[in-house]
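Here the structure comes first, spelled out in structure tokens, and everything after it is commentary.
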Amino acid sequence: MVDSDRPRRWPAYAVAVLFLGYAAGKAAFALQARLGFPGGPPVSAAETGSYFMDAATAQWFATASGLVGACVAIATVTAMGRRVPRTLMLLVLAGMLLAVGGGAGIMILDAFVGIGVGWQWYHGVLGILVIALFLEMIRSYATATRRVAH
């Protein structure tokens, strides 16, 4: 039988790999000065114009966010990361959940309902899995760092 209170590291490692994949995809598109994500729906030329920054800069910022996300995920299971105050880490993880959940939620909604972005059904399934994996990473961190009252 599996002990459900025992913290697991694999969700954090899996989330880190997903963030690194995200960063790599964004870097590939940054080098091409394109918006979007490899394997995702195409971005029209009308959507590539921005008032704030060009496509390459936006993609480089997204690349950096993926690298930071991977570092935070790994920090949830390392000794150095566990030295971060629990409340602060949980706040950071909650903020990341909002960002990840928002992106995955759009994928899910478009894949199964259709809002015009172009995500397919398998993107929706991936979105569901990413949210579940992220929630498991947070649960595992919270379990590992909770204080036991005597």
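A quick yes/no check of all residues on (1) at pLDDT below 95; (2) farther than 14 Å from PHE19 by Cβ; (3) not in a helix (DSSP H, G or I):
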{"residue": "VAL68", "(1), (2), (3)": "no, no, no"}
{"residue": "ILE74", "(1), (2), (3)": "no, no, no"}
{"residue": "MET80", "(1), (2), (3)": "yes, yes, no"}
{"residue": "ALA94", "(1), (2), (3)": "no, yes, no"}
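Restricting ASP110, ASP54 to residues that are surrounded by 16 or more Cβ atoms within 10 Å (Cβ to Cβ) and acidic (Asp, Glu) narrows the list to ASP110. Among residues of the range 31-43 that are closer than 19 Å to MET107 by Cα, those with a beta-carbon under 8 Å from a residue that is loosely packed, with under 12 Cβ neighbours inside 10 Å and modelled with pLDDT under 80 at least six positions away or on a different chain give the pairs LEU35/GLU47; GLY36/PRO42.
The values are calculated or read from the model by the stated rules, or taken from the named source; none is laboratory data. Values in this document were obtained by computation on a predicted structure and should not be read as measured data. Glycine gets a Cβ as well: all are built from the backbone with ideal geometry, and neighbour counts include every protein chain shown.
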